[in-house]
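S.K.: Take this structure, written in structure tokens, and hold onto it; I'll ask about it next.
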Amino acid sequence: MSNHLTIVNACIVTPQGRTARKGKEMNELLTIPCGTVEVTDGIITYVGESRPCDGEATDHEVLDAKGKVLLPGFVDSHTHLVFGGFRPDEFIWRLNGESYMSIMQRGGGIANTVSATRRCSFDELKEKAERFIDTMSRMGVTTVEGKSGYGLNRDTELKQLEVMQAINRSPHRKVDISTTFLGAHALPAEYKGRSDEYIDFLIKEMLPLVRQKQLAEHCDIFCEEGVFTVEQSRRLLKAAQEAGFGAKIHADEIVSFGGAELAGELKALSADHLLHASDEGIRSMAENNVVATLLPLTAFTLREPYARGREMIDRGCAVALATDLNPGSCCSGSIPLTFALACIYMKLTVAEAITALTLNGAAAIGRAERIGSIEQGKQGDFVLLDADTPNFLPYYTGMNAVQVTIKEGRILK
């Protein structure tokens, strides 16, 4: 497939910049009602008003987007897409009133998936992840963050990361995967009662190994009551930053626990979930340029209050949106429903939600320099909507408005 592409007659709608947009900036989009985008060797070489000669370059495939909206490719900046097994029974337990933490305490939750993932072969995990990626691509995702964290031992954590890197090596990949080492997703049974020793194991053995093999860009930890403490999270993430990893943190999902404040202290790339982030945590994230990655699908499936997205933006935060696709708390990678929930229940404007799913999602994984907006020099990743207005995204509630996904100038089938 060619990666030389000219898109003509498009209504181009995009944030601009190479860093996250904060506060009021999130509502500022460039709109070109009838525009042209040229992509050469996968990179955007022209963005602007349509010209009489557009589409005449013989080595470029031409896509006429008349009456359609062209957006940057969506960036799903928080997923757990490589795992074994599913947990539908636990979903029903929650519907019957059990809490997320009580399910973990009876041997369900993350520990359940860890057992299934350890049993899976490399090929089984890869085939399943590729099915998720095909679905993501049809919903306009061109870059996704993928976490390990369902191995909780040396070999399975490496296997999860190696699966993602193998998918990245495909010359015809539909989605780029930004990899995150989440060895501190839960305390494995082998370390029961010895959580400090497990953090030592991650710092002394796993971080150097993952770095040596170049398997992950970022390191994450589940900083939460009953999982890992703020001090343990600080210790792991500081060691990860010193080793060259970007720091990310599962913060304040179940209770207000100080995770957002820690993210600000460490100037982490992102703090994610944040359903119970404190006022001080919001202030710290805004002041220290931490992307607040909000996951409305998880709040929806857990029947929890949504994160204070409107308030975070009004207080100057950079907010990103992601699906949190995982086998337990949120077995969904639905971009359409994520977008609708953000607008309807978290009170983001359509422009803010677009920024959150594109440029700010890119910033949350350290890639805003090369993806997340339609600008010269960036990667030719786009979403063409089967609509003449971006307002269709929340209005067409939970339904896929994407007509075409374009990856590095390749029109995906």
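The values are calculated or read from the model by the stated rules, or taken from the named source; none is laboratory data. What you see is a predicted model, and the numbers here were worked out from it, not measured in a lab. Note that each Cβ is placed from the backbone with ideal geometry, even for glycine, and that neighbours are counted across all protein chains shown. To get the accessible areas, we keep the full protein, side chains included, count just its heavy atoms, and leave off ligands, DNA and RNA. Shrake-Rupley method; radii C 1.70, N 1.55, O 1.52, S 1.80 Å.
S.K.: Could you check how many residues of the stretch 100-131 are open to solvent by 40 Å² or more (accessible area, probe 1.4 Å) and closer than 14 Å to Val227 by Cβ?
M.R.: 3
S.K.: Still on this structure: Being part of a loop (DSSP other than H, G, I, E, B) and within 25 Å of Arg315 (Cβ to Cβ) is the filter here, so list the residues in the stretch 15-51 that pass it.
M.R.: Pro15, Gln16, Gly17, Arg18, Thr19, Ala20, Arg21, Lys22, Glu28, Leu29
S.K.: For the stretch 323-340, enumerate the residues that are in a helix (DSSP H, G or I) and closer than 29 Å to Val114 by Cβ.
M.R.: Ile335, Leu337, Thr338
S.K.: Moving on. For the stretch 385-398, what are the residues that are closer than 16 Å to Val350 by Cα and either acidic (Asp, Glu) or under 21 Å from the mean Cα position of the chain (by Cα) (or both)?
M.R.: Leu385, Asp388, Pro390, Leu393, Pro394, Thr397, Gly398
S.K.: While we're here: Does the stretch 369-386 hold any residues that are open to solvent by less than 20 Å² (accessible area, probe 1.4 Å) and within 22 Å of Gly333 (Cα to Cα), and which are they?
M.R.: Matches in the stretch 369-386: Ile371, Gly372, Ser373, Asp381, Phe382, Val383, Leu384, Leu385.
S.K.: For the stretch 178-200, name all the residues that are out of contact with any Ser or Thr (no Cβ under 6 Å at 6 or more places or on another chain) and open to solvent by less than 30 Å² (accessible area, probe 1.4 Å).
M.R.: Within the stretch 178-200, Ser178, Thr179, Thr180, Gly183, Ala184, His185, Ala186, Pro188, Tyr198, Ile199 qualify.
S.K.: On to the next question. Looking only at the stretch 58-97, count how many residues are among the β-branched types (Val, Ile, Thr) and at pLDDT below 90.
M.R.: Qualifying residue count, the stretch 58-97: 1.
S.K.: Then there is this: What pairs come out if I take residues in the stretch 65-86 that are more than 27 Å from Asp386 (Cβ to Cβ) and pair them with residues that are in a loop (DSSP other than H, G, I, E, B) and modelled with pLDDT of 95 or more whose C-beta lies under 6 Å away, six or more apart or interchain?
M.R.: These pairs meet every condition: His80/Asn326; Phe83/Tyr150; Phe83/Pro327; Gly84/Cys120; Phe86/Pro327.
S.K.: Kindly provide the set of residues from the stretch 176-197 that are of a type in the set (Phe, Trp, Tyr) and in contact with a strand residue (DSSP E or B) (Cβ under 8 Å, 6 or more places away or on another chain), ordered by number.
M.R.: Selection gives Phe181 alone.
S.K.: Next up: Gly398 fails exactly one of the following numbered conditions: (1) small (Gly, Ala, Ser); (2) closer than 19 Å to Arg138 by Cα; (3) open to solvent by less than 30 Å² (accessible area, probe 1.4 Å). What is the number of that condition?
M.R.: Failed condition: (3).
Residue by residue, here is whether (1) of a type in the set (Phe, Trp, Tyr); (2) under 27 Å from Gln212 (Cα atoms); (3) surrounded by 14 or more Cβ atoms within 10 Å (Cβ to Cβ) holds:
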| position | (1), (2), (3) |
| --- | --- |
| Phe74 | yes, no, yes |
| Glu90 | no, no, yes |
| Gly149 | no, yes, yes |
| Pro171 | no, yes, no |
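S.K.: Just the residues that are in a helix (DSSP H, G or I), acidic (Asp, Glu) and under 18 Å from the mean Cα position of the chain (by Cα), please, taken from the stretch 98-148.
M.R.: Result: Glu130, Asp134.
S.K.: Next question, about the same structure. Would you pick out the residues in the stretch 44-57 that are surrounded by 14 or more Cβ atoms within 10 Å (Cβ to Cβ), at pLDDT 95 or above and over 14 Å from Pro72 (Cβ atoms)?
M.R.: If the condition is that a residue be surrounded by 14 or more Cβ atoms within 10 Å (Cβ to Cβ), at pLDDT 95 or above and over 14 Å from Pro72 (Cβ atoms), then Thr45, Tyr46 are the ones that fit.
S.K.: Can you tell me which residues in the stretch 369-394 are in contact with a strand residue (DSSP E or B) (Cβ under 9 Å, 6 or more places away or on another chain), within 22 Å of Ile43 (Cβ to Cβ) and in a loop (DSSP other than H, G, I, E, B)?
M.R.: Within the stretch 369-394, Arg370, Ile371, Gly372, Ser373, Ile374, Glu375, Gln376, Gly377, Lys378, Gly380, Asp381 qualify.
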